[in-house]
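**Q** What follows is a structure written as structure tokens; I'll ask about it next.
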Amino acid sequence: MFKYKYWEEFKKICKIRTIKKNEYAFDMYDKVNAISFVYSGLFRTFIINEKGEEYTKNFFWETRFYGPMVALLTNR
């Protein structure tokens with residue numbers, strides 16, 4: 001995936017967190033002030049409408065960054 005020396009440097013500025021299957025990284029109402037990186041596995045982002053139906057927005061696979069970019073850029 002990464003050359004070892006780059007991964008070691010990257011880890012120094014990260015908060016490492018394991019997210020298990022069916023666990024949420026954050027709630028849609030949380031104020032998020034960071035982006036995330038998928039080290040291993042597949043990550044899905046989704047929304048739930050007023051009827052309780054889930055709609056997949058994106059999939060992120062290993063070596064990809066994800067996060068609420070609009071919220072980060074607008075500080076919301």
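Taken together, the values in this text are just the output of simple stated rules run on the coordinates, not laboratory data. Note that the structure is predicted; figures quoted are calculated from it, not measured. Reconstructed Cβ throughout: ideal geometry from the backbone, glycine too, with neighbour counts over all protein chains shown.
**Q** Can you tell me which residue in the range 14-34 is surrounded by the fewest Cβ atoms within 10 Å (Cβ to Cβ), limited to those that are under 21 Å from L73 (Cα atoms) and among the acidic types (D, E)?
**A** Within the range 14-34, the match that is surrounded by the fewest Cβ atoms within 10 Å (Cβ to Cβ) is D27.
**Q** Those residues that are more than 12 Å from the chain's Cα centre (by Cα) and in a loop (DSSP other than H, G, I, E, B), I need them from the range 41-69; list them, please.
**A** N49, E50, K51, G52, E53
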